[in-house]
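Below: the structure, in structure tokens.
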Amino acid sequence: APKSVASVQINGKKFESDDYTNVTPKMISYLGRNLHLQKNNPLSIVRQRIVNYFYASFTKRGHPAFSVYDNLSPIVTTKQNFDDLLIPADHPSRAKSDCYYINRGTLLRAHMTAHQSELLRSGLDNFLMIGDVYRRDEIDSTHFPVFHQVDAVRSQRKEELFVGKPDLEIFEPSYIQSNPHAYINSIDDPMKQSCHTLEAAKLMEGQLKSHLIGLTKVLFGEDIKYRWVDAYFPFTHPSWELEIYYENKWMEVLGCGIVRNEILVHAGPSTNTIAYAFGLGLERLAMALYKIPDIRLMWSTDSGFLTQFENVGLNEAVTYKPVSSYPQCTNDMSFWLPSHLTIDTFMSNDFYDLVRDVGGDIIEQVKLKDKFVHPKSKKHSLCYSIVYRHLERTLTQAEVNQVHKEIEKAVVDAYNVVIR
Ligand code: PHE
């Protein structure tokens, strides 16, 4: 595996590393950039538009009826990121190949939902959580290991949900209000959790969907084409994803659902409450709204980029104009794997992180070009194409070759491969 750090120092706090540690210095360097709070950053503009939509939707006697948390630390425990959200111990989203672990118990949050339980526990019922999240993934124009999410919870008590209909109930009579811990809440019915009445579940579903379609129309206009897709999340049931039709493709923009009752029960005293939750990605929305072609541009500190979003009215239509397009440069890298590794056991996400660590932000894309097993020696070989492009100037071939060599050296050191 790639070299990792013996102990991790973040914001002056020291974390002991262990066999789970895979966070790299490069990743740690992204902490605290807070793009979602930077003036003129498109992510910040989209964030404000979403928060404003919430203010307009939910106000009580002139006061916002919800709170906004946009400065929570991205360093969370596995309890916060997974256990509290009923994510099973063997769930694939916990894999080392998908997350940035600081050690076995601590990671860079993989979603903003990681804060849901603690905020519920502190007594909140309506709130937004906004911030940077970290996931190991492939490298291309729409994926970056850090991105930003807005997550929300909206809870309602019986009296708020069923205004003027005191006969309706949130919970089925079989649900034990006095000792909710003793109730096994099944999700076998695709329409609702077994503890909820159909009236409550359907009313919440309707509110959730119209609330989110309203937001989508505020952002993209009345004519936006959208569709709901059934989904699964361990922490909601039922669950859906919203897709919008953008540039001849369906694009997923958010996940949502009715919060599993177990989570509300564990988090605190609130009884007779039902809640919905959703999480949406800011990058996807900003890229679509402003026609930003490459996700790395969000990280640009170049004035040619940022001034295009300067003093932009929140609802003003802005189309990003490429400052200029510098040429790409593609170099291939082929290597033989050592005998203990095969094409299938080689961890491509480890490789992508290593490439990014050494190459930095001039890495535009890494593509698997070819795999091959030698008929005689049975040795496995992989070939990757690495696409280099600087967003703000032309790279020379000599410069690219130099970086490419350094990556080759790092790959040889980390995996004992033999460059072909
Ligand atoms: N956390 C989910 C994700 O990152 C999104 C989500 C949030 C889904 C809240 C349902 C409820 O994909």
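Entry comment: accessible area of region 7-296 is 43 Å² per residue, from protein heavy atoms only and a probe of 1.4 Å. Label reach from S377 (point 7 Å along Cα→C-beta): in region 309-347, amide nitrogens under 16 Å belong to 334-343.
Here the accessible area is traced with a 1.4 Å probe on the protein chains. For region 329-419, carbon and sulfur cover 52 percent of it. For region 299-420, the gyration tensor built on C-alpha atoms gives a prolate shape. Its axis ratio a/c (a ≥ b ≥ c) is at least 1.5, and a/b is the larger of a/b and b/c. The stretch between S303 and I184, if pulled fully straight at 0.36 nm per residue, gains 37.2 nm over its current Cα-Cα span. Each residue, D344 and N315, gets one label point 7 Å from its Cα in the Cβ direction; the gap between the two is 5.6 nm.
Considering helices alone, the calculated mean residue ellipticity of the chain at 222 nm is -7500 deg cm²/dmol, with DSSP H runs of length four and up weighted by -39500 (n - 2.57) and normalised per residue. Over region 329-419, accessible surface divided per residue gives 50 Å², non-protein components excluded, 1.4 Å probe.
Summarising the amide proton neighbourhood of Y246: residues at separation of 5 or more, or on other chains, whose placed amide H is nearer than 5 Å comprise M251. If you take the Cα centroid of region 331-362 and the Cα centroid of region 99-154, the two points sit 27 Å apart. When the chain is treated as a Gaussian network with alpha carbon springs shorter than 10 Å, the biggest mean-square fluctuation among D19, D140, D344 belongs to D344. Angle of helix 42-57 to the longest C-alpha principal axis of the chain, folded into 0 to 90 degrees and rounded to 10: 10°. Surface composition of region 1-159: carbon plus sulfur atoms hold 49% of the accessible area, using a 1.4 angstrom probe and ignoring ligands, DNA and RNA.
The values are calculated or read from the model by the stated rules, or taken from the named source; none is laboratory data. These figures come from a predicted structure and were not determined experimentally. Every residue, glycine as well, gets a Cβ built from its backbone with ideal geometry; the counts of neighbours run over all protein chains shown. Note: accessible area is taken over every heavy atom of the protein model, side chains too, but ligands, DNA and RNA are not part of it. Shrake-Rupley method; radii C 1.70, N 1.55, O 1.52, S 1.80 Å.
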